[in-house]
2 protein chains.
Amino acid sequence: MAKQLKAVSDPNRLKLLACLKKGEVCACDFVDVLNISQPAVSQQLKKLKEAGIIVERPAGTWKHYRLNDVQQPYIQTIIDHLDEISFIRCDC
Amino acid sequence: MAKQLKAVSDPNRLKLLACLKKGEVCACDFVDVLNISQPAVSQQLKKLKEAGIIVERPAGTWKHYRLNDVQQPYIQTIIDHLDEISFIRCDC
DNA sequence: TTTTTATATAAGTGAATTATTATATAAGTA
DNA sequence: TACTTATATAATAATTCACTTATATAAAAA
C-alpha cells in the first residue's frame, strides 16, 4: 500500500495521471505539460507503470499510456479527485 | 494533494494511522509498535500532524494523538482500507 | 529541590529521490 | 543505407528522507 501511494505522491506524477483521465496519451505530449526533460518523463512514467497504475501500448516509434482499468479503491479515489489537465496533442 | 499523499506514503506512518483507527493513542505506545527510537516516532507523528491528518492533545507529560475528524476524501479512503493494529497500551 | 519520565529538538549519516546530460535502441523516412 | 525521431538507459549531482545518538524541555514524583 505504501508502495502504490508513494508512486502517486509526487506533483509531476499526479499531473501525468490528471492528463490520463480522459484517455490514452502519447508519451511525447507529457514533456511540454511537465516542463521537464524527456528522460525525466520516461522515468516517472516507468514508476507509475511499475506500480500498476498505468499501462503502456507501443505503437511503432511511439508509446501510448492510459490508466489501468482496475485500480485499488484508494488509488481510484485519488484519481477521481484530480482536476483534468488539458494540453496540446502531437499528431501521432 | 501531493503533500498530503506524501505524508501517508510511508509504512511506519501508515502503521501509526492504523493504530489510531480505534481512537486516541498515547505517543509512548508507538515506540513498541514501530520498533524504532522515540525521536523517530516523534518526527513521524509531526509529519502527520503538519499534514493535518492527526491532531494532538497534551495531557500532562503525555501527548495523545487521534485522527482528525475532517479528512480529505482521498485520505479518508486510505484510512478506511487500513487494517487496524492492536497493541499493548501503557497505563497513562 | 532533585530525580524521573515523556516528549521534542539538534546534528549527523546513509539511502532514496528526482532531476540533469550523454548515449543507446529501435522504428520510420529519404 | 544513412538520417531522423521517439523513447529508454546510464551515470551523475543535488536534494530529501528516515533513521540514529545526544541533548533539551517540561511535567510529575520522591
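Given a cut-off of 30 Å, name the pairs among A:22/B:46; A:3/B:21; A:49/B:6; A:49/B:47; A:22/B:15; A:15/B:15 whose C-alpha atoms lie farther apart than that in the structure shown. Walk me through the numbers on the way to the answer.
Numbers: A:22/B:46 37 Å; A:3/B:21 21 Å; A:49/B:6 19 Å; A:49/B:47 28 Å; A:22/B:15 34 Å; A:15/B:15 28 Å.
Checking Cα-Cα distances, A:22/B:46; A:22/B:15 exceed 30 Å.
Based only on Cα atoms, what Rg/Rh ratio does the protein assembly as shown have, Rh being taken as Kirkwood's radius? Provide the component values of the computation, followed by the final result.
Working: Rg = 19.4 Å, Rh = 18.0 Å.
That ratio equals 1.08.
How big is the shadow of the Cα convex hull of the stretch A:2-80, averaged over all directions, in nm²? The partial results should precede the final answer.
Values: hull surface 19.4 nm².
Averaging across all directions leaves 4.9 nm² for the Cα convex hull.
Which distances in nm, rounded to one decimal and ordered from shortest, link the label point of residue A:84 to the equivalent label points in the other identical copies, with labels set 7 Å from Cα toward Cβ?
Result for residue A:84, in nm, nearest copy first: 4.1.
Between copies, how far apart are the residue A:46 label points? List them in nm, one decimal, shortest first, with each point 7 Å from Cα toward Cβ, please?
Relative to the other copies, residue A:46 has label-point distances of 3.4 nm.
Please compute the net charge surrounding residue A:55, taking Lys and Arg as +1 and Asp and Glu as -1 over other residues with Cβ under 9 Å from its Cβ.
On the way: positive: A:49, A:57, A:66; negative: A:56, A:69.
Value of the local net charge: +1.
Counting only other chains, and only Cβ atoms inside 10 Å, what mean value do you get across the residues of A:70-77? Intermediate values should be presented prior to the final figure.
Numbers: counts 0, 0, 3, 4, 10, 3, 2, 9.
Rounded to a whole number, the mean comes out at 4.
At residue A:60, with labels set 7 Å past Cα in the Cβ direction, how many nm apart are the copies from this one, shortest first?
Result, one decimal in nm: 7.5.
By what distance, in whole Å, do the Cα atoms of the stretch A:1-40 stretch along each of the three principal axes, largest value first?
Principal axes ranked by extent give 30, 23, 13 Å for the Cα atoms.
For the stretch A:2-80, what is the relative contact order in percent, using Cα pairs closer than 8 Å and at least 6 residues apart in sequence? Don't skip to the end; give the middle numbers.
Details: 75 pairs, mean separation 27.4, N = 79.
Result for the stretch A:2-80 is 35 percent.
What do you get for trypsin sites (Lys or Arg not before Pro) in the stretch A:42-92 restricted to DSSP loop and a cutoff of at most 16 other Cβ within 10 Å of the site's Cβ?
On the way: sites: A:46, A:47, A:49, A:63, A:66, A:89; in loops: A:89.
Answer by residue number: A:89.
We did not get these values from a lab; they are worked out from the coordinates using the rules stated. Fair warning: this is a prediction, and the values are worked out from it, not measured in the lab. Cβ coordinates were reconstructed from backbone atoms using ideal geometry, including for glycine residues, and neighbour counts include every protein chain displayed.
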